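The values are calculated or read from the model by the stated rules, or taken from the named source; none is laboratory data. If you're wondering where the values come from, they're calculated on a predicted model, not measured in any experiment. Heavy atoms of the whole protein, side chains included, go into the accessibility calculation; ligands, DNA and RNA do not. Shrake-Rupley method; radii C 1.70, N 1.55, O 1.52, S 1.80 Å.
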Amino acid sequence: YVQADEVIQIVDPVNIFEREAFKAEVEKAQSTRAKADTIANRTKKTITEKMDEDPFFYRRFSQLLQQVIDEYRAERISDAEYLRRVTEVMEQVRDGKSKEGPEILKERDLSRALFGALKDKMNSGGSSIREDPAEYKTRNGPEARGFEQVMADAACVMEDIIRQHAVVRWRENQDAQNRMRDDLDDFFVELQKKRGITLTWDQVDAIVDAVIGIAINRRDDV
């Protein structure tokens, strides 16, 4: 007679970014559904853990993954289709960031996260933007073209502001965070003048809170 009291996990599950190790783990599953469940569960875990690092990006894929799971549970898709679609979502979570936004963001991962937050907050607030005023130039020199480019340029400036005040242990330093807030507020005042963007102070506060919150959670970047 053997009594088992509890299951103790000796090794942490392989995460989806460990490509070869995770592929090997999935292959151990005995059925198509089991493979799909492994991918879905591990991708959902990754999204949950990283949500605060880039809410706009990860929230989108969280919704997409849940939609696939719901369709499978409702028996609207087959096991094979379930596996194909959760694999597609996993690959997008792994690699999709490089495809987000204008070219200026390709090598600036933090700016890309801020870009998503900025677009999200401005879209939800119904903000408008004046197209292509002659006095406005992007950080790369050419005249700005449209909402996406202006938001990308703004995200890069916001990253620079964050880094300027990111002293040692800045996450526990309220003065450093207040300096970030002051400079970000000033930047949005100037941005509104140059681009004809209409923002309330509540919207600006929400954007600044989101920007600093993302930076706080991205310890590998700042």
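Cross-link check: pairs K23/K44; K23/K50; K50/K194; K50/K193 evaluated at a Cα-Cα cut-off of 28 Å; pairs beyond the cut-off: K50/K194; K50/K193. Converting phi to 3J(HN,Hα) with the Karplus coefficients 6.51, -1.76 and 1.60 and the offset θ = phi - 60°, segment 38-51 yields 4, 5, 4, 5, 6, 5, 4, 4, 4, 4, 4, 5, 9, 3 Hz in sequence order, with x at every glycine or proline. Computed from backbone phi with θ = phi - 60° and the Karplus coefficients 6.51, -1.76 and 1.60, the 3J(HN,Hα) list for segment 163-170 is 5, 4, 9, 7, 6, 4, 6, 5 Hz; x is used for glycine and proline.
Accessible area per residue for segment 149-222, computed on protein heavy atoms with a 1.4 Å probe, is 48 Å².
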